[in-house]
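The values are calculated or read from the model by the stated rules, or taken from the named source; none is laboratory data. Note that this is a predicted model, so its numbers are computed, not measured. Methodologically, a virtual Cβ is constructed for each residue, glycine included, from the backbone with ideal geometry; neighbour enumeration extends over all protein chains shown.
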Amino acid sequence: MKFLAIAVCVFWSLVASAEDASTVRISQSDGSVEIRKSGAKDWKPAKEGDVLERGDRIAAREKSAVLLSWSNGSMAKLYPNTELELAGVSFDLEKKLEQTILELVKGRVFAKAQVPEHLFADFQFRIDGLSTRAQGAEFALNFDPDKKSLAAWTVLGRLVVDTGTEIVRIDEGSQVAIQSGAKPGSTTAMDDKIRQSLTKVSKDLGGSLLIDEIGAAGGKFAVKIGGVVSRRGNAPYKVSMKALAKGGSGKLKSVSWEFGDGESAKTKEIEHTFTQGLYVVILRAEDENGEKATAQTAISVEADCGC
């Protein structure tokens, strides 16, 4: 256990540079995009590279769009006639948890709420008394303030909607419509055309940390931990994991897992149940050419994560 404690400390020390909250900036802008700084009354033209701070409001006007990027890797694309406010970004060093809170005033947004595997995310939208939370997911929201209606679609991972009286979990490939003040409807399978459209948006914005990709043979051997739907969960938390290889021979000869709680395993795919705490999972693998590689990820298990 002493060696494990030292390993965990070393692991977290390697990410010291990520211990500050992300900077949020405009990475792409198309058309008429405006920003209203916190405390100001007037809107001013926004440009690529501008940084958003707490209380700043940004708007993509008619026939316009804007992409916001977090330095941790998260993104949010605002479509025409969309307006939102950055309520804040904070980082909890002890929990290695970054929390983003956005107020969606109106319109449509596509979000990639993802972070590197040594950090955790709590990515929230507040919408007219409702709130949505993602621990690492890709999803779209459309809010009509006149009708007080919200539509939500989840492309990858899980989105959780809190209506104030009820919790709605929207898993990958599902959608839901919610009327403010009314009982939410049941989640349903996402329309195929909408799913294709949102998947294209995701690909256009770049790769996803949530997609399990197996590389071809050749080049340097590397291994990745796949199969994890969410790295945060409520205790006790059962997590499915699998070893994914790329490069080298393209095939795994042997694998070994260390779960950070004293338990281990040697199968390519595994389910492991964690009790409350913060864990570093280490995967060691060898391919058919005898090349070796390691990968690691963090798992956070809480009494109530809101997942």
All-but-one check, residue 239 against (1) touching a Ser or Thr at 6+ places or on another chain (Cβ under 8 Å); (2) within 16 Å of residue 297 (Cα to Cα); (3) of a type in the set (A, V, I, L, M); (4) at pLDDT below 90, failing number (4)
Residue hits (segment 261-274; in contact with a Phe, Trp or Tyr (Cβ under 8 Å, 6 or more places away or on another chain) and farther than 12 Å from residue 242 by Cα) are 261, 264, 273, 274
Reported set for segment 221-246 where residues are of a type in the set (D, E, K, R) and either within 17 Å of residue 156 (Cβ to Cβ) or out of contact with any strand residue (DSSP E or B) (no Cβ under 8 Å at 6 or more places or on another chain) (or both) is 224, 231, 232, 242
Log entry, pairs with first residue in segment 175-198 being in contact (Cβ under 8 Å) with a residue 12 or more places away in the chain, second being in a loop (DSSP other than H, G, I, E, B) and among the β-branched types (Val, Ile, Thr), beta carbons closer than 6 Å, six or more apart or on different chains, reads 176/187; 184/163
When every residue in segment 111-139 that is within 8 Å of the chain's Cα centre (by Cα) and not in a strand (DSSP E or B) is compared, the one surrounded by the most Cβ atoms within 10 Å (Cβ to Cβ) is 136
